[in-house]
Amino acid sequence: METADQNFDLSLLLEIADGSDEFLVESIDMFLIQTPELMGQIYNAIVAQDRTLLATSAHKLKPNLGFFGMLTGQAIMVEIELLTKGGADFNEIIEKYNQVSGIIQPTIIKLQQIRNERAG
C-alpha cells in the first residue's frame, strides 16, 4: 500500500512509529476521528460566520495535517486562519475550505485502507 501521494506523506509518522504497526494504526485512528470533527466545526463556523470558532478550529487542525505530511492542506489551513483573523470575506474562506476538503476526503479513504492493512 502506498504511504504517500500528492496529498499526504506518512514518512514522518512511519519514522516515529519505528516499525510499530500499533502506533501507526492508533495515530491514523486519531486522525480519522479528529479531522472530520474539526472540518465539521470549521464548516459550522463558516455557516454561522463565527470567526472565533473558525480561527480556533483551523488552528487545531494544522498540526494534524502536518503530522500526516499534508503540507498543502496545512498551508491552506494557515490561510484560512489568517483570512479569518484578518476579517476577509467569507466567500474567500469558503473557497479555501473547499480546497482543503478536496485534499482531506480522498486522503481519509487512503488512510482507512492503510489502517485496515496494518491492523492485520
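What follows draws every value from the coordinates through simple rules; no lab data is involved. All figures in this text were calculated on a predicted structure; none of them were measured in a lab. When we count neighbours, we look across all protein chains shown, and the Cβ atoms used for this are built from the backbone with ideal geometry, even at glycine.
Dipole check for the chain: with +1 at the C-beta of Lys and Arg, -1 at the C-beta of Asp and Glu, and the Cα centre as origin, the magnitude is about 360 Debye.
Note on the chain: semi-axes of the ellipsoid equivalent to its C-alpha gyration tensor, largest first and rounded to whole Å, are 28, 12, 12. Amide H to amide H, with H built 1.01 Å from N, ASP9 comes under 5 Å of GLY69, MET70, counting only residues 5 or more places away or on other chains. Taking the C-alpha atoms only, the angle from helix 90-119 to the longest principal axis of the chain is near 10 degrees.
Taking label positions 7 Å along the Cα-Cβ direction at both SER101 and ALA119, the computed distance is 2.6 nm, reported to one decimal. Take the Cα of ASN44, step 7 Å toward its Cβ, do the same at MET30, and the gap between the two points is 2.3 nm.
Taking Cα atoms only, the orientation of helix 51-67 departs from the longest principal axis of the chain by about 20 degrees.
The lysine pair count for the stretch 32-120, using Cα distances under 17 Å and pairs eight or more places apart or on different chains, is 5.
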